[in-house]
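S.K.: Below is a structure I'd like to ask you about.
The values are calculated or read from the model by the stated rules, or taken from the named source; none is laboratory data. Model, not experiment: these values are computed from the prediction. Backbone-built Cβ (ideal geometry, glycine too); neighbour counts: all protein chains shown.
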Amino acid sequence: MSSLEQELVAAIRNIPDYPKPGVMFRDITTLLGNPRAFRRAVDELVHPYAGIGIAKVAGIEARGFILGGAMAHQLSTGFVPIRKKGKLPHETVRVAYSLEYGVDEMEMHKDAITPGEKVILVDDLIATGGTAEAAVKLLRQMGADIVAACFVIDLPDIGGRRKLEALGVEVRTLVA
Ligand code: PRP
Ligand code: HPA
C-alpha cells in the first residue's frame with residue numbers, strides 16, 4: 001500500500017453495524033475533517049485531469065458534492081449536481097436505479113451539460129455501482145464525454161468497478 005493509501009485508510013472511520021447489523025460502514029466524514037487527508041485525496045483525484053480540457057465535474061449526492069466541488073475548483077471547471085429525485089428546480093432528465101430494497105430515481109438538469117463536453121464523475125464510494133451507473137446514463141443522455149469516474153473508496157468484492165468498466169467508463173479509485 002502506498003503512503004497516500006495508508007494515510008487515507010487511516011483517515012476513514014469504520015462503523016460496524018451501520019446502517020444495519022452486519023454492514024461495515026466506511027465513513028469519510030473523518031477524512032473530510034482532516035485538512036491534510038482531504039487535500040491529498042482531492043489532489044490525487046484531480047491530478048490526471050489538469051489541463052486536458054475538462055469542462056465539468058459531476059458529483060453524486062451527497063458526498064460527491066463535497067469532493068466534486070473541491071475538484072471543480074482545483075481544475076477550474078464547472079460543477080454539476082446529480083441528485084435524488086425531486087430536488088432540482090429546473091427541467092431534468094431522470095433515470096431509475098436499483099437499491100438493495102427497491103428502486104429510486106436520480107436527476108440532472110437538462111441544460112447542465114453541453115453535448116460533447118468532457119466530464120469527470122465523482123462520488124465517495126462505489127459498492128454495487130448502481131448509483132454511478134445511473135449517473136453515467138444521465139450524463140450520456142445529455143451527450144457528455146465521460147473521461148473518468150472517480151471514487152475515494154472501492155469495495156472490490158461487490159463488483160461496481162467492473163459494472164462501470166463494462167459500460168466503457170474508466171474508473172479511478174484511491175483505496176480499496
Ligand atoms: C452511497 C454512496 C454512493 C452509493 C454507492 O450513497 O455515497 O453514492 O451509496 O452505492 P452503490 O455503488 O451500491 O450504488 P447513499 O445511497 O447512501 O446516499 P447518500 O449519499 O445520500 O447518503
Ligand atoms: N459508506 C458509504 N456509502 C456506502 C457504503 C459505505 O460503507 N456502502 C454502500 N454505500
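S.K.: If I filter region 156-167 for residues that are within 12 Å of ligand 1 (Cβ to nearest atom), closer than 29 Å to residue 5 by Cα and in contact (Cβ under 8 Å) with a residue 60 or more places away in the chain, do I get at least one hit?
M.R.: The answer is no; no qualifying residue exists.
S.K.: Looking only at region 127-146, count how many residues are part of a helix (DSSP H, G or I), within 16 Å of ligand 2 (Cβ to nearest atom) and either surrounded by 24 or more Cβ atoms within 10 Å (Cβ to Cβ) or of a type outside the set (A, V, I, L, M) (or both).
M.R.: 5
S.K.: In addition: Six or more apart or on different chains, Cβ atoms under 9 Å: show the pairs whose first residue is in region 24-42 and within 14 Å of residue 124 (Cα to Cα) and within 15 Å of ligand 2 (Cβ to nearest atom) and whose second is of a type in the set (Phe, Trp, Tyr) and not in a loop (DSSP other than H, G, I, E, B).
M.R.: Sorted first by the residue in region 24-42, then by its partner, the pairs are 31/38; 32/38.
S.K.: Also, I was wondering about something else. Before we move on, is residue 124 crowded, with 21+ Cβ neighbours inside 10 Å and either in contact with a Pro (Cβ under 8 Å, 6 or more places away or on another chain) or outside any helix (DSSP H, G or I) (or both)?
M.R.: Judged against the criteria, residue 124 is a match.
S.K.: Another question about this same structure. Quick one: which residue in 60, 113 is modelled with pLDDT of 95 or more, β-branched (Val, Ile, Thr) and closer than 26 Å to residue 175 by Cβ?
M.R.: 60 is the lone residue from the list that is modelled with pLDDT of 95 or more, β-branched (Val, Ile, Thr) and closer than 26 Å to residue 175 by Cβ.
S.K.: Then there's this: Quick check: anything in region 63-73 touching a Pro at 6+ places or on another chain (Cβ under 8 Å), within 15 Å of ligand 2 (Cβ to nearest atom) and among the hydrophobic types (A, V, I, L, M, F, W, C)?
M.R.: Looking for residues that are touching a Pro at 6+ places or on another chain (Cβ under 8 Å), within 15 Å of ligand 2 (Cβ to nearest atom) and among the hydrophobic types (A, V, I, L, M, F, W, C), one finds at least one in region 63-73, hence yes.
Residue-wise test of (1) at pLDDT below 95; (2) acidic (Asp, Glu).
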position	(1), (2)
1	yes, no
7	no, yes
10	no, no
17	no, yes
24	no, no
37	no, no
40	no, no
43	no, yes
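S.K.: Another question, then. Report yes if some residue within region 26-38 is among the acidic types (Asp, Glu) and either away from ligand 1 (no atom under 13 Å from the Cβ) or closer than 30 Å to residue 141 by Cα (or both); otherwise report no.
M.R.: no
S.K.: Looking at region 99-120, which of the residues that are assigned to a strand (DSSP E or B) and either free of Cβ contacts under 8 Å to residues at least 12 places away in the same chain or within 16 Å of ligand 2 (Cβ to nearest atom) (or both) is nearest to residue 32 (Cα to Cα)?
M.R.: 106
S.K.: Still on this structure, I have one more. Which one is surrounded by the most Cβ atoms within 10 Å (Cβ to Cβ) among residues in region 57-98 that are part of a loop (DSSP other than H, G, I, E, B) and within 16 Å of ligand 1 (Cβ to nearest atom)?
M.R.: Filtering region 57-98 for residues that are part of a loop (DSSP other than H, G, I, E, B) and within 16 Å of ligand 1 (Cβ to nearest atom), the one surrounded by the most Cβ atoms within 10 Å (Cβ to Cβ) comes out as 88.
S.K.: State all residues of region 106-153 that are under 22 Å from residue 46 (Cα atoms), acidic (Asp, Glu) and within 16 Å of ligand 1 (Cβ to nearest atom); if no residue qualifies, say none.
M.R.: Answer for region 106-153, where residues must be under 22 Å from residue 46 (Cα atoms), acidic (Asp, Glu) and within 16 Å of ligand 1 (Cβ to nearest atom): 123, 124, 133.
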